[in-house]
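Have a look at the structure below, then the notes.
The values are calculated or read from the model by the stated rules, or taken from the named source; none is laboratory data. Just so it is clear, the model here is predicted, and its values are computed rather than measured. Cβ placement follows ideal geometry from the backbone for every residue including glycine, while neighbour counts extend to all protein chains displayed. Surface accessibility is based on the protein's heavy atoms, side chains included, excluding ligands, DNA and RNA. Shrake-Rupley method; radii C 1.70, N 1.55, O 1.52, S 1.80 Å.
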Amino acid sequence: MKLKNSLLWIGGSPDSWKSTLAKYIVKKYNLSLYDYDMHEDKHHEELSAHSIGAKEIMSSSMEDNWVHISPKEMLNRANGSFRGRFPLVIRDLSEIQSERPILAEGFGLTPQLVGPLLDNPKQAIWLVSDQDFKMTSAKKRKKLSGLFEIKEIEHIALENLNKRDMLIDAQIRAEANQLGLKVIEVNSSTPFEVIVGLVEEHFGAYLI
């Protein structure tokens, strides 16, 4: 499917300001937003109809998904979801009618998947963050809070999730470096306004 040249992408790991940034950019420049996370359940339900792996993930318990699994296995599972969902993302984007640029945001929009679709590397950017920033953000958002009856189990799940997200960061850096695509490093000492300025500069003429 042919995508619009006015399509912009913000990818990156969880807890790296990408969603907050995307919403800010969309509001400031009157863009249309495609929120990857909002389509997750719909996509997985569609995929589970013909994918045993997707069906198993959807039927697994919270502890199977976040506790009784290694961060590396969690990364492999995430990558499988990213690859499986991406054709559905492209389909969704091709159906959006908008006179303004469309900004697609989500952690499954990896450099390896998005890169081949770009007419210009200035159409995409990825955000990654260090461990301290991720943990602080996760605590503020109360990530996984209330999903487990035992607090110790919740702590193990959150630790596994954090380790997986650090692996996603490393993967994004490696893929982007190989493809010559832009990555911004986010940490607690960098103000949000600075990150906004870097993204606005990168997208440049597409925001006019």
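Listed values, structure above:
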quantity	calculated
Residue under evaluation Gln112, criteria (1) of a type in the set (S, T, N, Q); (2) open to solvent by 40 Å² or more (accessible area, probe 1.4 Å); (3) over 15 Å from the mean Cα position of the chain (by Cα), criterion not met	(3)
In the stretch 89-109, residue farthest from the chain's Cα centre (by Cα) [restricted to those that are of a type in the set (A, V, I, L, M, F, W, C) and open to solvent by 10 Å² or more (accessible area, probe 1.4 Å)]	Ile96
Near pairs, Cβ below 7 angstrom, 6+ apart or cross-chain, from the stretch 18-31 (over 15 Å from Ser98 (Cβ atoms) and open to solvent by 20 Å² or more (accessible area, probe 1.4 Å)) to any residue that is in a helix (DSSP H, G or I) and among the β-branched types (Val, Ile, Thr)	Tyr24/Val196
Number of the condition not met by Ala78 [criteria: (1) touching a residue at least 12 places away in the same chain (Cβ under 8 Å); (2) open to solvent by 20 Å² or more (accessible area, probe 1.4 Å); (3) closer than 24 Å to Ala157 by Cα]	(2)
Leading residue by the ranking (nearest to Met166 (Cα to Cα)) among those in the stretch 122-136 that are out of contact with any Leu (no Cβ under 6 Å at 6 or more places or on another chain), open to solvent by less than 70 Å² (accessible area, probe 1.4 Å) and part of a helix (DSSP H, G or I)	Lys134
Glu63 modelled with pLDDT under 95, within 15 Å of Asp165 (Cα to Cα) and part of a helix (DSSP H, G or I)	no
Qualifying position, being closer than 15 Å to Val114 by Cα and at pLDDT 95 or above, among Glu201, Glu175	Glu175
Criterion: outside any helix (DSSP H, G or I) and basic (Lys, Arg) - qualifying residue of Lys143, Lys139	Lys143
Lys182 vs. criteria within 14 Å of Gly11 (Cα to Cα) and basic (Lys, Arg)	yes
The one condition in (1) closer than 18 Å to Ala176 by Cα; (2) modelled with pLDDT under 95; (3) surrounded by 19 or more Cβ atoms within 10 Å (Cβ to Cβ); (4) not small (Gly, Ala, Ser) that Leu47 fails to fulfil	(1)
Selection within the stretch 154-208 - in a loop (DSSP other than H, G, I, E, B), buried (at least 17 other Cβ atoms within 10 Å of the Cβ) and without any contact (Cβ under 8 Å) to a residue 24 or more places away in the chain	none
